[in-house]
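Here is the structure we will look at.
The values are calculated or read from the model by the stated rules, or taken from the named source; none is laboratory data. From a predicted model like this one, the values you see are computed outputs, not experimental measurements. We place every Cβ from the backbone using ideal geometry, glycine too, and count neighbours over all the protein chains shown. Remember, those area values only see protein heavy atoms, side chains included, never the ligands or the DNA or RNA. Shrake-Rupley method; radii C 1.70, N 1.55, O 1.52, S 1.80 Å.
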Amino acid sequence: MSLKARQQNILKLQAAKAAVDLIRPKLSSDSIVGVGTGSTANCFIDALAEIKNHFDAAVASSQSSAERLSQLGIKVLELNAVNEVLVYVDGADEVDPNRALIKGGGGALTREKIVAASAQEFICIVDESKLVDMLGKFPLPVEVIPMARGLVARDLTAMGGQPILRSGFSTDNGNLILDVREFLIPDPAAAETAINNLVGCVCNGIFAAQAADQVIVARPDGVTLL
Ligand code: 5RP
């Protein structure tokens, strides 16, 4: 692993620990914690395991996170089995100054958006490399129904993007991902709605309607809140 990747991992760990410190006072024995997907979310899962007796259970945004939670002794429930998710904690691929996000680099965007929408509060945890002035350098993940992949790809091309099928990948929902390159997003809320309206699109990775309530940003000189 390169020095840069090692330093980034340390920052992810610091953001994850800061999230645990932030939520710990809000937890009670019946609290449900929503948990995201990806390497930063994995750091959060590991830190959360240290306070697993402070809450009831977790709801996971992917099979892989559910497995990691279970392996660490944290009870995992289906979203439909719980009434209320206290807080959802997850990473992001890009964060803009209004806390709008691009997510879905790990392909879990639809379940992430569902758990985030179910939670009272969405806390995003990132290292400083994820901060951008405008969303869109990171290819935008769009989950599509398999039979509609050509249709949605043509629509996304007409909107100005360059959709590429994520090779050899299918989501936990059995769908495909188109990663849309060259697609700058000056108005995240409008782009999120326009792409969601494409027939055959299940969900897209812009989180503007469901922006983060707080973003914990880890930098070499400390952790700040956005
Ligand atoms: C997964 C996601 C992740 O939160 C996003 O890709 C960031 O991942 P990482 O923490 O590994 O950089 O949206 O679908």
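Most tightly packed first, judged by the mean number of other beta-carbon atoms within 10 Å of their residues, the peptides 155-161, 130-136 read 130-136, 155-161.
For the stretch 42-89, the C-alpha radius of gyration divided by 2.2 N^0.38 Å, with N the number of residues, is 1.04. Here the calculated FRET efficiency for Gln63 and Leu151, from their Cβ-Cβ distance with R0 = 25 Å, stands at 0.35, rounded to the nearest 0.05. Sorting the segments 185-193, 79-87 by their residues' average number of neighbouring beta-carbon atoms within 10 angstrom, most packed first, yields 185-193, 79-87. Counting only the backbone N, which residues of the stretch 107-151 are under 12 Å from the spot 7 Å out from the Cα of Asn9 toward its beta-carbon? Of the residues in the stretch 107-151, none has backbone N under 12 Å from the label point off Asn9.
Got the relative contact order for the chain handy, in percent, Cα pairs under 8 Å and 6 or more residues apart?
Value for the chain: 22 percent.
Provide the packing ranking of 210-220, 99-109, i.e. peptides ordered by the mean count of other C-beta atoms within 10 Å per residue, highest first. If you can, show how the numbers build up before the last one.
Values: 210-220: 19.5, 99-109: 25.7.
Answer by packing, highest mean first, reads 99-109, 210-220.
Under a 5 Å amide H cut-off, with hydrogens placed 1.01 Å from N, Tyr88 pairs with Gly34, Glu121, Phe122, Ile123 among residues at least 5 apart or on other chains.
On the stretch 96-178, 53 percent of the accessible area sits on carbon and sulfur atoms, based on a 1.4 Å probe.
Between the stretch 210-225 and the stretch 20-35, the C-alpha centres lie 18 angstrom from each other. Taking θ as phi - 60° and the Karplus parameters 6.51, -1.76 and 1.60, the scalar couplings of the stretch 209-220 work out to 4, 10, 5, 5, 6, 9, 10, 8, 10, 9, 10, x Hz in sequence order, x denoting glycine and proline. If you look at the Cα atoms of the chain, you get an Rg and a Dmax of 17.0, 51 Å. Separation of the stretch 119-170 and the stretch 55-97, taken as the distance between their Cα centroids, equals 21 angstrom.
Span-like helix check, the chain: qualifying full DSSP H segments, with Cα axial length of 15 Å or more and mean Kyte-Doolittle of -0.5 or more, are 3-23, 39-49. Counting only the Cα atoms, the stretch 18-101 fills a convex hull of 101 Å³ per residue.
Considering every pair of different Cα atoms, what Kirkwood radius, in Å, is found for the stretch 82-160?
Numbers: mean 1/r = 0.0707 Å⁻¹.
Kirkwood hydrodynamic radius for the stretch 82-160: 14.2 Å.
Within the same chain, lysines fewer than 8 places from Lys26 are excluded, and of the rest, those with a Cα less than 21 Å from its Cα are Lys17, Lys52, Lys75.
Binning the C-alpha pair distances of the stretch 182-221 at 10 Å intervals from 0 yields a P(r) profile of 25, 42, 23, 9, 1 %, listed from the shortest bin outward.
Hey, what's the stretch 24-112 come to in accessible area per residue, 1.4 Å probe, Å²? Working shown, then result.
Values: 3710 Å² over 89 residues.
Ligands and nucleic acids excluded, the result is 42 Å² per residue.
Using a probe of 1.4 angstrom, how much of the accessible area of the stretch 6-47 is carbon and sulfur, in percent? It would help to have the intermediate numbers written out before the result.
Working: 920 of 1790 Å².
That fraction is 51 percent.
Radius of gyration over Kirkwood radius for the stretch 122-185, both on Cα atoms: the Rg/Rh ratio is 1.03. In plain terms, the chain from Ser2 to Asn80 could stretch by 23.9 nm, reckoned as 0.36 nm per residue minus the Cα-Cα distance.
Between Arg219 and Ser28, what length comes free when the chain is fully extended (0.36 nm per residue of separation minus the Cα-Cα distance, one decimal in nm)?
Result for the pair: 65.7 nm of gain on full extension.
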